[in-house]
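The values are calculated or read from the model by the stated rules, or taken from the named source; none is laboratory data. Please read all numbers here as calculations on a predicted model, not as lab measurements. Virtual Cβ from ideal backbone geometry, glycine too; neighbours counted across all protein chains shown.
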Amino acid sequence: MIGLIFGPPGSGKGTQASRVEREFGMSHLSTGEILRSEVAHGSAVGKEAARIMAAGDLVSDDLIDRIVESRLSRIDPTSNVLLDGFPRTTEQAKALDAMLEPRTVDFVVSLDVPEALLIDRLLHRAAVEGRADDTREAIMERMREYHSRTASVLDHYREQVVSVLEVDGVGDVDAVFDRVRQAIKKLAASKPRARGI
Ligand code: B4P
């Protein structure tokens, strides 16, 4: 099974993905985490990504595609994979289709949270963790990028008749996870190929 966790910045993709990983035994790949680790290690990729991320912009498709392709190649091709924060553009979605062949994406969990709450969450995280891309300016830029380049990724999957599981992302982390778990279980029960998860 290949699943994606999708949503605007601060919708809880990373938070929910860690729980889905544990509950359903999936290998979790977060492009945001990979990039932050590259920045922390001062690698060539990290140096290229740091300024772009701090401004709230998206890192280039080419760089992200290379990172994901290399990570996917290290994962057992029969294992269940959960991608978090990727794809973030239609070009990335098309690149992913090519990387996965002959496999395909089985489901997308799409977290829905109103923008005012997203901004509150990210400003709260800024106060607690001081992440470089959680300044008010960078947050507003990330929201703009989401609307102009990322939201349409869902259309790519709907056109391919991939199951898009819309989940209300408002509420405490456990309540949201409960909804995510129910949505995945319901899908698994209806799809013979997904019964293994
Ligand atoms: P990500 O790491 O994907 O970060 P995100 O969108 O801000 O966070 P997420 O939705 O995972 O929220 P989280 O669970 O942390 O990306 C960071 C940057 O990397 C991007 O802006 C971009 O520059 C770059 N990047 C990554 N992937 C890329 C790609 N494919 N292409 C190009 N560039 C890419 O939750 C947010 C906060 O809310 C946390 O503090 C959390 O504790 C809190 N929270 C979560 N759920 C909550 C709940 N239910 N109630 C209250 N608070 C909650």
Test Asp84 against the criterion of being within 15 Å of the chain's Cα centre (by Cα) and touching a residue at least 12 places away in the same chain (Cβ under 8 Å), and give yes or no. yes
From the set of residues in region 82-124 that are more than 8 Å from the ligand (Cβ to nearest atom) and polar (S, T, N, Q), which is farthest from Asp134 (Cα to Cα)? Thr104
In the set Glu101, Glu159, the lone residue that is modelled with pLDDT under 95, exposed (fewer than 13 other Cβ atoms within 10 Å of the Cβ) and over 21 Å from Ile184 (Cβ atoms) is Glu101
Within region 5-20, take every residue that is more than 6 Å from the ligand (Cβ to nearest atom) and surrounded by fewer than 19 Cβ atoms within 10 Å (Cβ to Cβ) and give me the one that is farthest from Arg142 (Cα to Cα). Arg19
Mind listing whichever residues of region 28-69 are surrounded by 15 or more Cβ atoms within 10 Å (Cβ to Cβ), of a type in the set (Lys, Arg) and more than 8 Å from the ligand (Cβ to nearest atom)? none
Give the residues of region 28-63 that are assigned to a loop (DSSP other than H, G, I, E, B) and of a type in the set (D, E, K, R), sorted by residue number. Asp57
